[in-house]
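Undergrad: I'd like to ask some things about the structure below.
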Amino acid sequence: MNLPGIFITIEGVEGAGKSTAIAGVAEWFGAHGREVDCTREPGGTPIAEAIRQLLLNPVEEDLVPLTELMLMFAARAQHVAGRIKPGLAAGKVVISDRFTDSSRAYQGAGRGLDRSLIETLAQAAEQGVSPDLTLLLDLPVDIGMKRAAARRGACAHDRFERERHDFFERVRAGFLELARQSSRFALIDAAAPIVDVQTQIQTVLAARFPQGGVNCG
Ligand code: TYD
């Protein structure tokens, strides 16, 4: 779909440093005079944020994997229609903390749900919008889990943070496989010190969006 904005997604396992990366991407485009909208999944609109609560907050009843998958895509359909598409139509740089690749990695590789079902739901929910660039922040699961635990402190684990090491290994491998398959991805070594991570990201942005992508539309 040919909209004047730029759509960037940030992906990775827990503790990869996505928030810092997003702030760096937003600052880079801002310095090039672009209007930026930072958003997240699941979430990004009031209804999608309400669905997020269902997805992340542990309750007594188990959320079965198929329900989890469909709620992710229900939230995504709302997010695309209510925020991502309007932002891109207005010429903004929309930066999303996670998007469909998280469903491929977490629900597909992690939970083992059917890949063709995921692609069918993706086609419907994305409504013709696809990322111009996906930054995959990759790091060993152990390091990510330690960082996430330090960040969380005494706060309770959400439903995903309760998963075991082998689940996150499958998720990481799923992301890496996606990155191998498509030039839409840029692989970032997120185990490096923060300044190096920001330099890697800025190098990718400068190569893919000369002058902040003012002529991309
Ligand atoms: P969040 O608190 O945003 O975690 P993180 O800081 O790691 O991004 O919670 C989002 C969780 O939802 C995260 O564990 C990944 C998961 N998720 C999926 O499983 N599938 C998806 O499609 C999306 C968007 C997120």
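The values are calculated or read from the model by the stated rules, or taken from the named source; none is laboratory data. These numbers come from a predicted model, not from an experiment. Positions of Cβ are backbone-derived with ideal geometry, glycine not excepted, and every protein chain shown enters the neighbour counts. Accessible surface areas use protein heavy atoms only, side chains included; no ligands, DNA or RNA. Shrake-Rupley method; radii C 1.70, N 1.55, O 1.52, S 1.80 Å.
Undergrad: Convert each backbone phi in the stretch 25-41 into a coupling constant with the Karplus relation 6.51 cos²θ - 1.76 cosθ + 1.60 (shift: θ = phi - 60°), then list the ³J(HN,Hα) values in order as whole Hz, x for Gly and Pro.
TA: Coupling constants for the stretch 25-41: 5, 4, 5, 4, 5, x, 5, 9, x, 8, 7, 10, 10, 9, 9, 8, 10 Hz.
Undergrad: Over what distance in Å are the Cα centres of the stretch 8-84 and the stretch 132-165 separated?
TA: When both Cα centres are located, 15 Å separates them.
Undergrad: Note down the magnitude of the dipole of the chain about its Cα centre, charges +1 on Lys and Arg C-beta and -1 on Asp and Glu C-beta and zero elsewhere, to the nearest 20 debye.
TA: Working: 24 positive and 27 negative charges, 66 e Å.
About 320 debye.
Undergrad: Based on the alpha-carbon set only, what is the convex hull volume of the stretch 36-120 divided per residue, in Å³?
TA: Roughly 89 Å³ of hull volume per residue.
Undergrad: Something else now. Counting only residues 5 or more places away or on other chains, whose amide H sits under 5 Å from the amide H of CYS38 once H atoms are built in the peptide plane?
TA: The list, which skips near neighbours in sequence, is ILE95.
Undergrad: In addition: Assuming 0.36 nm per residue, please report the length gained on full extension of the stretch ALA207 to ALA149 beyond their Cα-Cα distance. Please list the in-between numbers first.
TA: Values: separation 58, 0.36 × 58 = 20.88 nm, distance 3.43 nm.
Stretched fully, the ALA207-ALA149 segment lengthens by 17.4 nm.
Undergrad: Beta carbons within 10 angstrom, averaged per residue: use that to sort the peptides 139-147, 83-91, 115-123, highest first.
TA: Packing order, densest peptide first, comes out as 83-91, 139-147, 115-123.
Undergrad: For LEU66 and ASP158, calculate 0.36 nm times their separation in residues minus their Cα-Cα distance, and state this gained length in nm to one decimal. It would help to have the intermediate numbers written out before the result.
TA: On the way: separation 92, 0.36 × 92 = 33.12 nm, distance 1.83 nm.
Extending this stretch completely gives an extra 31.3 nm.
Undergrad: Convert each backbone phi in the stretch 107-117 into a coupling constant with the Karplus relation 6.51 cos²θ - 1.76 cosθ + 1.60 (shift: θ = phi - 60°), then list the ³J(HN,Hα) values in order as whole Hz, x for Gly and Pro.
TA: Karplus-based 3J(HN,Hα) across the stretch 107-117 equals 7, x, 5, x, 8, x, 6, 4, 5, 6, 5 Hz.
Undergrad: Next question. Report ³J(HN,Hα) in whole Hz for each residue of the stretch 69-82, in order, from the Karplus equation J = 6.51 cos²θ - 1.76 cosθ + 1.60 where θ = phi - 60°; Gly and Pro get x.
TA: Using θ = phi - 60°, the values come out as 4, 5, 5, 4, 6, 5, 4, 5, 4, 5, 5, 5, 5, x Hz.
Undergrad: Would you pull out the residues with amide H under 5 Å of PHE185's amide H, same chain only if 5 or more places away, H placed 1.01 Å from N?
TA: Under 5 Å from the amide H of PHE185: THR134.
Undergrad: Please report the antiparallel percentage of DSSP beta bridges with both residues in the stretch 6-212, rounded to the nearest 5.
TA: So the antiparallel bridges amount to about 0 percent of the total.
Undergrad: Then there's this: Kindly state, to the nearest 0.05, the FRET efficiency for GLN53 paired with ASP189, given R0 = 30 Å and r defined as their beta-carbon distance. The partial results should precede the final answer.
TA: Numbers: r = 33 Å, r/R0 = 1.12.
With R0 = 30 Å, the Cβ-Cβ based efficiency is 0.35.
Undergrad: Would you mind working out the accessible area per residue for the stretch 6-212, using a 1.4 Å probe, and quoting it in Å²?
TA: Each residue of the stretch 6-212 exposes 46 Å² on average to a 1.4 Å probe.
Undergrad: Something else about it: Give me Rg/Rg_expected for the stretch 6-212, where Rg uses Cα atoms only and Rg_expected = 2.2 N^0.38 Å with N residues.
TA: My calculation over the Cα atoms of the stretch 6-212 gives 0.98.
Undergrad: So what is the calculated 222 nm ellipticity per residue for the chain, using -39500 (n - 2.57) for each DSSP H run with n of 4 or more, over all residues, to the nearest 500 deg cm²/dmol?
TA: Computed mean residue ellipticity for the chain: -14500 deg cm²/dmol.
Undergrad: To the nearest 10 square angstrom, what accessible area does ARG152 show with a 1.4 Å probe?
TA: 40
Undergrad: With the dipole of the stretch 6-212 worked out from charges on the C-beta (+1 for Lys and Arg, -1 for Asp and Glu) around the Cα centre, which of GLN107, ILE51, ILE6 lies farthest toward the positive end?
TA: ILE6
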